[in-house]
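Peer 1: Got a structure for you, questions after.
The values are calculated or read from the model by the stated rules, or taken from the named source; none is laboratory data. Just so we're clear, the structure is a prediction, and the values are computed from it rather than from any experiment. Neighbour counts are summed over all protein chains in view; Cβ atoms, including those assigned to glycine, are modelled from backbone coordinates with ideal geometry. SASA here: full protein model, heavy atoms, side chains in, ligands and nucleic acids out. Shrake-Rupley method; radii C 1.70, N 1.55, O 1.52, S 1.80 Å.
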Amino acid sequence: MVAVAALLSALGGLLVGVLLVLTGRDGLLPARPVNALLGLVVNVGRSLPFIILLVAIIPVTRAVVGTTIGTTAAIVPLTVSAIPFYARIVETALREVDRDVIAAARAMGANRRQIVGKVLLREARPGLVAGFTLTVVALIGYSAMAGVIGGGGLGDLALRYGYQRFENDVMIATVVLLVAFVQLVQVVGDVITRRLSHR
């Protein structure tokens with residue numbers, strides 16, 4: 001559930017983040033109306049608490065996957081909530097790329113696609129990986145909340161067997177697993193970020 005949502009969020013967030021940078025006032029394809037609309041969508045998506053979003057898009061979830069219960073159904077709200085989150089991180093990482101590097105690429109005759117692929121995304125890799133790590137950690141927390149409405153996963157296990165049946169050992173084991181999973185993701189993300197960093 002988290003892996004699929006993370007993959008879809010990475011693709012969607014990367015696309016939206018790149019578009020936010022390209023269509024910005026000083027971007028390669030300035031388009032203020034498009035930028036304002038994308039910014040509004042991202043801001044609204046980021047401001048909605050996950051538990052409310054989970055319920056609000058039930059009709060969309062049913063239309064996309066045919067059900068509103070289970071891990072497959074939970075992927076839809078997880079992805080919808082994480083795309084705006086990661087898009088802002090991507091936008092920030094890309095805006096931190098040195099403008100002189102972009103100017104040099106332009107001077108050497110690079111087109112927009114080459115500047116995005118070989119300059120912006122390449123130079124921003126440490127920030128993109130660190131942001132993706134943060135997004136995956138957030139998704140782990142969201143996935144536990146998805147268990148409240150039958151989304152499956154560890155949250156569902158903790159609620160059904162730990163809380164409702166008063167089995168404290170199951171609740172503790174679930175918490176330990178979640179903490180261990182977050183630590184593993186964070187350590188792997190930090191290692192990759194350090195290796196990609198020029199510093």
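Peer 1: Residue under question is Val97, and the condition is that it be open to solvent by less than 30 Å² (accessible area, probe 1.4 Å) and β-branched (Val, Ile, Thr); does it hold?
Peer 2: Here the answer is yes, as Val97 does meet what is asked.
Peer 1: Scanning for something within 20 Å of Leu128 (Cβ to Cβ) and either of a type in the set (A, V, I, L, M) or open to solvent by less than 40 Å² (accessible area, probe 1.4 Å) (or both), does the range 45-52 turn up at least one residue?
Peer 2: Taking every residue of the range 45-52 in turn, at least one turns out to be within 20 Å of Leu128 (Cβ to Cβ) and either of a type in the set (A, V, I, L, M) or open to solvent by less than 40 Å² (accessible area, probe 1.4 Å) (or both).
Peer 1: Looking only at helices (runs of 4 or more DSSP H) that lie completely in the range 88-182, which have at least 3 residues being within 17 Å of Leu78 (Cα to Cα) and at pLDDT below 75?
Peer 2: Ranges flagged: 153-157.
Peer 1: Sort out which residues of the range 166-196 are of a type in the set (S, T, N, Q), more than 20 Å from Leu121 (Cα to Cα) and either open to solvent by less than 60 Å² (accessible area, probe 1.4 Å) or in contact with a strand residue (DSSP E or B) (Cβ under 7 Å, 6 or more places away or on another chain) (or both), and write them in order of number.
Peer 2: Thr174
Peer 1: Here's a follow-up. Condition test on Val90, is it open to solvent by less than 70 Å² (accessible area, probe 1.4 Å) and free of Cβ contacts under 8 Å to residues at least 24 places away in the same chain?
Peer 2: So Val90 fails the test.
Peer 1: Moving on to the next point. Please list, ordered by first then second residue, the pairs with beta carbon atoms under 9 Å, 6 or more apart or interchain, first in the range 131-142 and in contact (Cβ under 8 Å) with a residue 24 or more places away in the chain, second basic (Lys, Arg).
Peer 2: Going by the 9 Å Cβ cut-off, the qualifying pairs are Gly131/Arg88.
Peer 1: If you check every pair at least six apart or on different chains, which have Cβ atoms under 6 Å apart with a residue in the range 173-195 that is under 15 Å from Leu128 (Cβ atoms) first and a residue that is small (Gly, Ala, Ser) second?
Peer 2: Filtered contacts from the range 173-195: Thr193/Ala130.
Peer 1: Select from the range 1-34 the residues that are among the charged types (D, E, K, R) and not in a loop (DSSP other than H, G, I, E, B) and list them in ascending order.
Peer 2: Passing the criteria: only Arg32.
Peer 1: Tally up the residues in the range 54-87 that are open to solvent by less than 50 Å² (accessible area, probe 1.4 Å) and closer than 30 Å to Ala124 by Cα, please.
Peer 2: Matching residues across the range 54-87 total 11.
Peer 1: Now for a different question. For His198, which of the numbered conditions (1) closer than 30 Å to Asp100 by Cβ; (2) at pLDDT 70 or above; (3) not acidic (Asp, Glu) fails to hold?
Peer 2: So the condition that His198 fails would be (2).
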